[in-house]
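Notes follow once the structure below has been shown.
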Amino acid sequence: MGAKEIAVIGGGPAGLMAAEVLSAKGHAVTIYEAMPTAARKFLLAGKSGLNITHAEDYSRFVTRFGAASDRLRPALDAFTPEDVRSWAFGLGTDTFVGSSGRVFPKVMKASPLLRAWLRRLEAQGIRLHTRHRWLGFAEGGYMFETPQGRRIAHADATLLALGGASWPRLGSDAAWVPWLRGKGVTVHDFRSANCGFDVDWSESFRERFAGEPLKSVVVTSEAGAFPGEFVVSRHGVEGSLVYAHAAALRGGLERDGKAQFLVDLAPGRSIERLTRDLARQDGKTSFANRLRKGAGLNGVKAALIREIAPAAARTDPERLAAEIKNLPIPLLRPRPIAEAISSAGGIGLDDIDDGFMLKALPGLFVAGEMVDWEAPTGGYLLTACLAMGRAAAHGMDAWLARR
């Protein structure tokens with residue numbers, strides 16, 4: 001098979017990985033990116049330490065993608081977390097495993113890895129056209145808005161890797177949704193994923209504790225019970241422990257109008273011990289002192305008890321211990337999708353074949369966050385985007401070979 005012209009629309013991790021694989025197979029690849037530079041969300045996410053993948057047992061890793069786990073499994077099997085680390089090492093980036101199991105570059109930045117990656121792609125002959133915003137289908141090709149005006153590009157096969165709907169200022173604005181729906185492709189509405197949630201805090205609590213972390217807690221939802229920490233925000237709650245429960249919390253709010261978000265503020269103490277220790281406190285002392293001496297709680301943890309627990313629990317050691325071990329924070333709604341780290345929703349998996357080609361549009365492939373799947377933070381999102389980009393590239397190459 002001779003070299004084919006490949007268009008990759010979207011210069012994020014999935015698109016760049018597909019371009020790398022296709023170019024290595026001898027195809028002529030052009031990447032079209034709407035923003036002034038490639039992979040802007042990747043860069044921003046890596047400013048405080050790029051979380052490239054996760055080192056947990058692989059049998060657990062592959063379950064982190066919810067309802068899409070089985071469908072993504074072949075792509076992940078072909079590009080595992082260890083493969084991600086090897087790929088990064090090949091670009092001059094050493095990695096290490098943090099205490100949480102998350103894998104980071106030793107330099108703790110995304111920019112050196114991205115620069116090396118773009119140099120490799122350029123050396124392979126891949127063309128990168130920035131400030132080329134896709135405007136939809138036209139004349140059997142793809143219309144772009146460019147600094148030189150509108151132009152139409154044609155290709156033997158095309159990959160869409162346009163992202164979801166979170167952080168739209170970085171390029172993922174989901175403008176493509178009506179164009180694909182107009183071609184008969186199922187696209188599920190986007191919703192916030194890996195996001196914070198609104199809570200109706202009292203003004204005094206909000207003013208005093210917004211920005212305070214709740215450390216060494218365990219949070220339980222329909223997703224299970226996970227240890228870690230989260231942050232009180234002006235709007236509600238956010239942080240890695242909240243994101244781990246986000247899909248279950250969003251599902252509960254959508255289904256029932258409420259979601260279970262139970263916080264164990266003293267995971268090192270049993271409810272029986274807390275009850276005994278609280279019962280020993282002098283009822284004449286302040287509530288703050290009884291919490292501090294009887295349960296080891298002060299600061300934002302003690303304030304959270306005062307904010308949420310019923311007043312009657314303050315004088316009942318057994319009831320107070322139960323609140324400390326299972327404090328229900330009432331969530332109102334997810335934060336807006338523009339603030340979310342990632343989005344749920346997108347192109348229905350049933351509309352995509354095993355090679356990541358759209359069944360309704362032969363020759364048009366998709367990968368990354370524009371597909372309907374989600375995962376918690378912790379390296380899962382990036383690993384899946386890279387694996388899907390590679391899988392789509394192999395699917396494109398195989399489809400072209402059959403033509």
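Can residue 56 be described as in a helix (DSSP H, G or I) and acidic (Asp, Glu)?
So residue 56 fails the test.
Residue-wise test of (1) surrounded by fewer than 20 Cβ atoms within 10 Å (Cβ to Cβ); (2) in contact with a Cys (Cβ under 7 Å, 6 or more places away or on another chain); (3) in contact (Cβ under 8 Å) with a residue 24 or more places away in the chain.
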residue	(1), (2), (3)
101	yes, no, yes
132	no, no, yes
146	yes, no, no
151	yes, no, no
157	no, no, yes
173	yes, no, no
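Among the residues of the range 278-298, those identified as loosely packed, with under 12 Cβ neighbours inside 10 Å and more than 17 Å from residue 311 (Cα to Cα) are 280, 282. When every residue of the range 247-255 is checked against the conditions, none turns out to be farther than 30 Å from residue 373 by Cα, at pLDDT 95 or above and either part of a helix (DSSP H, G or I) or not assigned by TED's automatic domain parsing to the domain that holds residue 51 (or both).
Taking the criterion of being farther than 30 Å from residue 375 by Cβ and in a helix (DSSP H, G or I), the residues of the range 316-332 that qualify are 317, 318, 319, 320, 321, 322, 323, 324. Applying the criterion of being among the polar types (S, T, N, Q) and in contact with a strand residue (DSSP E or B) (Cβ under 6 Å, 6 or more places away or on another chain) to the residues of the range 151-199, the residue that is nearest to residue 135 (Cα to Cα) is 158. Out of the residues in the range 333-377 that are in contact with a Lys or Arg (Cβ under 7 Å, 6 or more places away or on another chain), assigned to a loop (DSSP other than H, G, I, E, B) and crowded, with 23+ Cβ neighbours inside 10 Å, state the one that is modelled with the lowest pLDDT. Looking at residues that are in contact with a Lys or Arg (Cβ under 7 Å, 6 or more places away or on another chain), assigned to a loop (DSSP other than H, G, I, E, B) and crowded, with 23+ Cβ neighbours inside 10 Å, I get 376. Candidates are the residues of the range 214-226 that are loosely packed, with under 14 Cβ neighbours inside 10 Å and at pLDDT 95 or above; the one that is nearest to residue 261 (Cα to Cα) is 225. Looking only at residues of the range 227-243 that are in contact (Cβ under 8 Å) with a residue 60 or more places away in the chain and either of a type in the set (S, T, N, Q) or part of a helix (DSSP H, G or I) (or both), we find that the one that is surrounded by the fewest Cβ atoms within 10 Å (Cβ to Cβ) is 240. Going through (1) under 20 Å from residue 333 (Cα atoms); (2) at pLDDT 95 or above one by one, residue 240 falls short only on (2). Which of the residues spanning the range 65-96 are of a type in the set (Val, Ile, Thr) and either exposed (fewer than 15 other Cβ atoms within 10 Å of the Cβ) or under 15 Å from residue 391 (Cβ atoms) (or both)? Matches in the range 65-96: 80, 84. Does any residue of the range 271-284 turn out to be more than 26 Å from residue 381 (Cα to Cα) and among the polar types (S, T, N, Q)? Yes: the range 271-284 contains one or more residues that are more than 26 Å from residue 381 (Cα to Cα) and among the polar types (S, T, N, Q). When restricted to residues that are more than 28 Å from residue 189 (Cα to Cα) and either in a loop (DSSP other than H, G, I, E, B) or not assigned by TED's automatic domain parsing to the domain that holds residue 13 (or both), the range 150-164 contains 3.
When you go through 177, 185 one by one, which is the residue that is assigned by TED's automatic domain parsing to the domain that holds residue 375, farther than 30 Å from residue 24 by Cβ, more than 19 Å from the chain's Cα centre (by Cα) and surrounded by 19 or more Cβ atoms within 10 Å (Cβ to Cβ)? Of 177, 185, the one residue that is assigned by TED's automatic domain parsing to the domain that holds residue 375, farther than 30 Å from residue 24 by Cβ, more than 19 Å from the chain's Cα centre (by Cα) and surrounded by 19 or more Cβ atoms within 10 Å (Cβ to Cβ) is 177. When the helices (runs of 4 or more DSSP H) confined to the range 268-315 are screened for residues that are β-branched (Val, Ile, Thr), those reaching at least 2 such residues are found at 271-279, 299-308. Among the residues making up the range 9-49, those that are of a type in the set (A, V, I, L, M, F, W, C), farther than 18 Å from residue 388 by Cβ and modelled with pLDDT under 95 are 43, 44.
Here is the figure for the range 188-205: residues that are at negative phi, surrounded by 17 or more Cβ atoms within 10 Å (Cβ to Cβ) and either in contact with a Cys (Cβ under 7 Å, 6 or more places away or on another chain) or among the polar types (S, T, N, Q) (or both) total 1.
The values are calculated or read from the model by the stated rules, or taken from the named source; none is laboratory data. Not measured: the values here are computed from a predicted model. Counting neighbours? That spans all protein chains shown, and the Cβs are built from the backbone with ideal geometry, glycine included.
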